[in-house]
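K.L.:
Pasting a structure below so you can have a look.
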Amino acid sequence: MTAARELAVTANRALAAAGQSDMVWGHAAVRDPDGRGIWIKAPGWGFEEIDGDRIQLVSWDAEVVEGDGAPHKECHIHLEILRLRPELHCTVHSHARGAVAFAALDTPLLPVSHEGALFGGADVPRFTLTGGLVSTPDLGRALAGALGDAPAALMPKHGLVAAGTSVQAAVMHAVLLDGACRTQLTVMAAGPVKVWSDDAEAAAKRGECWAESQLDAGFAYLARKDGRP
Ligand SMILES: [Zn+2]
């Protein structure tokens, strides 16, 4: 199995291990090192069901180059982010329930936990053009614009998107955003949020807690779980 295909398998299975499954929807994609497009989960399978045969190579024109069937309708999420940002290696889209629930509150994401410090004290970006499927290149480009250079963004009424310069970073950014949302939802269910990091502490925590080595360690843990939640 090529390295990119193998990484795409591990990324998708890690998302299952992190509890981001929504039956057969959602996908992780890895940039093809030879510039042909992206290695992405094939439609019709859950994250934990992905193996090397259930990964497609999809061209920059959204054509399946290797693998069976049509690509996911929302492959444009990955194609347009990775086209716009050549330094990125991997992108993730999921319907993580914590992210969807939190986005519906339309309230700032606060650094109430290590996970919440991922944005260094800034709010998480949100893609508000549509709550429907990102099923065209135009919508993909708009989503890429909303994400900007942030590690992840909320897609209200839909899910989340995350990106990274490595597979490890992209998957972990998705996992950390969902975790931050879940933690703040728990707080808000019990009462008003009273304690969170100020901008200086949040920025310091972003560097300390979410350095590359930490993201790699978290991803390695999820990979060892091999799809088990
Ligand atoms: Zn979706």
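K.L.:
Compute the Rg to Rh ratio over region 1-154 from the alpha carbon atoms, using the Kirkwood formula for Rh, and round to two decimal places. Kindly include the intermediate steps, with their values, before the conclusion.
P.N.:
Values: Rg = 15.2 Å, Rh = 15.9 Å.
Checking Rg against Rh, the ratio lands at 0.96.
K.L.:
Want the number for A190 to L84: 0.36 nm per residue separation, take away the alpha-carbon distance, what's left?
P.N.:
Details: separation 106, 0.36 × 106 = 38.16 nm, distance 4.11 nm.
Between A190 and L84, full extension yields an extra 34.0 nm.
K.L.:
Grab the other residues whose beta carbon is less than 9 angstrom from that of A169, score K and R as +1, D and E as -1, and report the net. Intermediate values should be presented prior to the final figure.
P.N.:
Numbers: positive: none; negative: E212, D216.
Combined, the nearby Lys, Arg, Asp and Glu give -2.
K.L.:
Moving on to the next point. Carbon and sulfur atoms: what percent of the 1.4 Å accessible area of the chain do they account for? Don't skip to the end; give the middle numbers.
P.N.:
Details: 5360 of 9900 Å².
So the carbon and sulfur contribution to the accessible surface is 54 percent.
K.L.:
Specify the inter-centroid distance of region 106-155 and region 200-229, based on alpha-carbon positions, in whole Å.
P.N.:
Their Cα centres are 19 Å away from one another.
K.L.:
Per residue, how much accessible area does the chain have with a 1.4 Å probe, in Å²?
P.N.:
On the way: 9900 Å² over 229 residues.
Computed with neighbouring chains in place, this is 43 Å² per residue.
K.L.:
Counting only other residues whose beta carbon sits under 11 Å from that of F119, what net charge do I get with K and R as +1, D and E as -1? All intermediate terms of the calculation are to be shown ahead of the outcome.
P.N.:
Working: positive: K205, R206; negative: E115, D123, D199.
My count for the surroundings of F119 gives -1.
K.L.:
Let me ask another. Gain in length, S213 to V24, computed as 0.36 nm per residue apart minus the alpha-carbon separation, to one decimal in nm? Kindly include the intermediate steps, with their values, before the conclusion.
P.N.:
Numbers: separation 189, 0.36 × 189 = 68.04 nm, distance 3.07 nm.
Working it through step by step, the gained length comes to 65.0 nm.
K.L.:
Determine the gain in length on full extension of the stretch T165-A122; use 0.36 nm per residue of separation and subtract their C-alpha separation, reporting nm with one decimal.
P.N.:
Numbers: separation 43, 0.36 × 43 = 15.48 nm, distance 2.03 nm.
Here the answer is 13.5 nm.
K.L.:
For the chain, what is the calculated [θ] at 222 nm in deg cm²/dmol (nearest 500), taking -39500 (n - 2.57) for each run of four or more DSSP H residues and dividing by its residue count? Numbers along the way, then the final one.
P.N.:
Working: 7 runs with 92 residues, N = 229.
Value at 222 nm, helices only: -13000 deg cm²/dmol.
K.L.:
Would you work out the charge dipole size for the chain about its Cα centre, treating the Cβ of every Lys and Arg as +1 and the Cβ of every Asp and Glu as -1, and quote it to the nearest 20 debye? Please report the intermediate quantities before stating the final value.
P.N.:
Working: 20 positive and 28 negative charges, 89 e Å.
Dipole of the chain, to the nearest 20 debye: 420 debye.
K.L.:
Go through 88-95, 101-108, 21-28, 215-222 and give me the packing order, highest mean Cβ count within 10 Å leading.
P.N.:
Numbers: 88-95: 26.0, 101-108: 15.0, 21-28: 20.1, 215-222: 17.4.
Answer by packing, highest mean first, reads 88-95, 21-28, 215-222, 101-108.
K.L.:
Which angle from 0 to 90°, rounded to the nearest 10, does the C-alpha axis of helix 137-147 make with the longest principal axis of the chain?
P.N.:
30
K.L.:
Related question: By per-residue mean of other Cβ atoms within 10 Å, what is the highest-first order of 65-74, 112-121, 52-61?
P.N.:
Details: 65-74: 17.0, 112-121: 21.8, 52-61: 18.6.
Packing proxy ranking, top to bottom: 112-121, 52-61, 65-74.
K.L.:
Relative to the Cα centre, what is the charge dipole magnitude of region 29-71, using +1 at the beta carbon of each Lys and Arg, -1 at the beta carbon of each Asp and Glu, and rounding to the nearest 20 debye?
P.N.:
Details: 4 positive and 10 negative charges, 32 e Å.
Using only the charged Cβ atoms, the result is roughly 160 debye.
K.L.:
If you take the beta carbon distance between E201 and D106 as r and set R0 to 25 Å, what does 1/(1 + (r/R0)^6) give as a FRET efficiency, to the nearest 0.05? Numbers along the way, then the final one.
P.N.:
Numbers: r = 25 Å, r/R0 = 1.00.
Calculated value: 0.50.
The values are calculated or read from the model by the stated rules, or taken from the named source; none is laboratory data. Fair warning: this is a prediction, and the values are worked out from it, not measured in the lab. Backbone-built Cβ (ideal geometry, glycine too); neighbour counts: all protein chains shown. Ligands, DNA and RNA are stripped out before the accessible areas are found, and what is left, the full protein with its side chains, is counted by its heavy atoms. Shrake-Rupley method; radii C 1.70, N 1.55, O 1.52, S 1.80 Å.
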